[in-house]
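Just below is one structure, and these are the notes that go with it.
The values are calculated or read from the model by the stated rules, or taken from the named source; none is laboratory data. Predicted, not measured: the structure shown is a model, and the values here were computed from it. Here Cβ is always computed from backbone atoms with ideal geometry, including for glycine, and neighbour counts include all displayed protein chains. These accessible areas exclude ligands, DNA and RNA; they are computed on the full protein's heavy atoms, side chains included. Shrake-Rupley method; radii C 1.70, N 1.55, O 1.52, S 1.80 Å.
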Amino acid sequence: ARAQIGVTGLAVMGSNIARNFARHGHTVALHNRSIAKTDALIEEHGSEGDFVRTETIEEFVGALQKPRRVLIMVKAGDPTDAVIEELAAAMEPGDIIIDGGNALYTDTIRREASLRERGLHFVGAGISGGEEGALNGPSIMPGGPKESYAALGPLLESIAAQVDGTPCCTHIGPDGSGHFVKMVHNGIEYADMQLIGEAYNLLGSALGYDAGKIADVFTDWNGGDLESYLVEITAEVLRQKDAKTGKPLVDVIVDAAEQKGTGRWTVKSALDLGVPVTGIAEAVFARALSGSREQRKAAVGLASGVLADKPTDAAQFTEDIRQALYASKVVAYAQGFDQIAAGSAEYDWDLHPADLATIWRGGCIIRARFLNRIKDAYDENPKLPSLILAPYFRDAIETAIDSWRRVVSTATLLGIPVPAFASSLSYYDALRAERLPAALTQGQRDFFGAHTYERVDAEGKFHTLWSGDRSEVQA
Ligand code: 6PG
């Protein structure tokens, strides 16, 4: 046996990761359900490194050095369970199975527990960066037993993206934590994309800019605080011309956004944990609304009630949008990190936000200059109650706040939808409010259901005898 790592599931992500391992000098055993994919990989890229071609699971497992390390890159759900079962049957105690797909973290918790009972290590690893990242350096978020990281970490770190000499890969925490963190990463990715979409829509609808001109704005923004992979590719997408019509490609793409599920999972989990991830939720719902094509068709032409003229100072409004985008982005990340803290507490994972900000600086879809600031903020104060309260972000929002309000109010008066900008601003206003209408909610709950309330001036729970003499009693 000579392979240091095995990869099973050789679709694009799997092939690219296998090639990445090989290019870094590791011997890689290859396995795929249909042998044609394995052969194609060896034929096209065999010269990139040392690959071991295998046909059966037994042969595959037999090709691996001990402790055996197998990375599974198959579809989340049943296909993953099926491959795990086959592998587990052929492996020995101490061997390591790594699931590199976008698995639901609760599945990972279940799988880890059941493989642990059989003496095997199961590592649920979030891998971000798309096809290009898989080949040239992804961000990797491995969970699972800490002992297994000793045998696995150096291998993963060698193929991960590097920022300032630090690999974008670290042991995240026990069982499902790696996939949980990847899920929240994707939720933030959804929010980021939605915010960029709203900025694009405002530049087009409020300022009348065409795709090319908007591309220039994004390129310009990418030179500053907003510098990020998503802003960079936004400009590229906007600049792309359609070969068939000569129009900007974006103008001939159907405006119905799809989703594979990780954003939705993030919001479901946030609901269970009681964490308001409003920016991410708006992004998920915005995709759903865009996809309600029949409803939208029927609603075109409904009253618009536009109450304002378009902004006349294009430069000022463009700068306002940039500020609104930045501030809303801070909110989305703050909420995502809140969810990570809540997940960590719920499952006893002891997650470190600064480590996540560190490994998200490169390789992954949400990589951005901004993450250095998040890392600094958590390095300085690991117990930060909210990212919004870190001095750097507090100042950034103070600088942005007037612009943010102008953008949300102008969009509203013009009838341009800005669900993520607006809800992020409302979140911020609610968070900083001294009093919230929740007091009234508590009064109503006590009225119809005797659910009790707390008082601002006394300890304990109280109830008003609403259907009696309306005096107050201690509950
Ligand atoms: C990544 C991406 C990756 C994938 C998403 C797309 O981090 O590399 O997030 O995981 O592209 O699953 O998600 P949707 O299809 O739901 O947009």
Tilt of helix 438-449 relative to the longest C-alpha principal axis of the chain, in degrees (0 to 90, nearest 10)?
90
Could you name the lysines in cross-link range of LYS75, using Cα to Cα under 18 Å and dropping any fewer than eight places away on the same chain?
LYS37, LYS182, LYS260
Cα Rg, Dmax (largest Cα-Cα span) when computed across the chain, Å
25.3, 87
Please give, to one decimal in nm, the separation of the simple spin-label points placed at GLU147 and ALA113, each 7 Å out from Cα toward the Cβ.
2.0
Hits among aspartates and glutamates - C-alpha to C-alpha of LYS247 under 13 Å, sequence gap 8 or more where chains match:
ASP210
For LYS241, counting only lysines whose alpha-carbon sits under 22 Å away and dropping same-chain residues fewer than eight positions off, the answer is LYS213
Dmax and Rg, reported as Rg then Dmax, of region 36-136 (C-alpha, Å)
14.3, 40
Using alpha-carbon coordinates, inclination of helix 12-23 to the longest axis of the chain, degrees
60
So if R0 is 30 Å, what FRET efficiency would ILE42 and ALA82 give, r being the distance between their Cβ atoms, rounded to the nearest 0.05?
0.80
Using the scaling law 2.2 N^0.38 Å as the reference, what is the normalised Cα Rg of region 56-202?
1.10
How big is the shadow of the Cα convex hull of region 97-167, averaged over all directions, in nm²?
4.9
Cα convex hull volume per residue for region 371-421 (Å³)
84
Bridge orientation stat for the chain from DSSP, antiparallel percent rounded to 5, came to 40
Any idea how far apart SER304 and ARG53 come out in nm if each label point goes 7 Å out from Cα toward Cβ?
6.2
How do MET141, MET13, MET193 rank by accessible surface area computed with a 1.4 Å probe, from largest to smallest?
MET193, MET13, MET141
At q = 0.15, 0.17, 0.19, 0.27 Å⁻¹, what log₁₀ I(q)/I(0) does a Debye calculation on the Cα points of region 387-460 give, no solvent, two decimals?
-0.73, -0.81, -0.87, -1.22
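Report the calculated FRET efficiency for ALA450 and ASN201 (r = Cβ-Cβ distance, R0 = 35 Å), to the nearest 0.05.
0.15
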Quick check: with the 1.4 Å probe, what order do ARG33, ARG23, ARG322, ARG394 take by accessible area, largest first?
ARG33, ARG394, ARG23, ARG322
Relative contact order for the chain: what percent, with Cα pairs under 8 Å and sequence separation of 6 or more?
12
Difference of contour (0.36 nm per residue) and Cα-Cα distance, GLN240 to ASP220
5.5 nm
Arrange the peptides 396-406, 430-440, 236-246 so that the one whose residues have, on average, the most other Cβ atoms within 10 Å appears first.
396-406, 236-246, 430-440
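Which peptide among 81-92, 178-189 comes first, and what is the full order, when sorted by highest mean count of other Cβ atoms within 10 Å?
Packing order, densest peptide first, comes out as 178-189, 81-92.
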Cα gyration tensor of region 328-475, axes a ≥ b ≥ c as square roots of the eigenvalues: rounded (a/c below 1.5), prolate (a/b > b/c) or oblate?
oblate
Acute angle (nearest 10 degrees) that the helix 78-90 long axis makes with the longest principal axis of the chain, alpha-carbon atoms:
30
Equivalent ellipsoid semi-axes, region 158-221, via Cα gyration tensor eigenvalues times 5, rooted, Å:
35, 17, 6
Plugging the Kirkwood radius over Cα pairs into Stokes-Einstein for region 130-257, at a temperature of 20 °C and a viscosity of 1.002 mPa s, what D comes out in µm²/s?
125
Given R₀ = 56 Å, FRET efficiency for THR312-ASP272 by Cβ-Cβ distance, to 0.05?
0.75
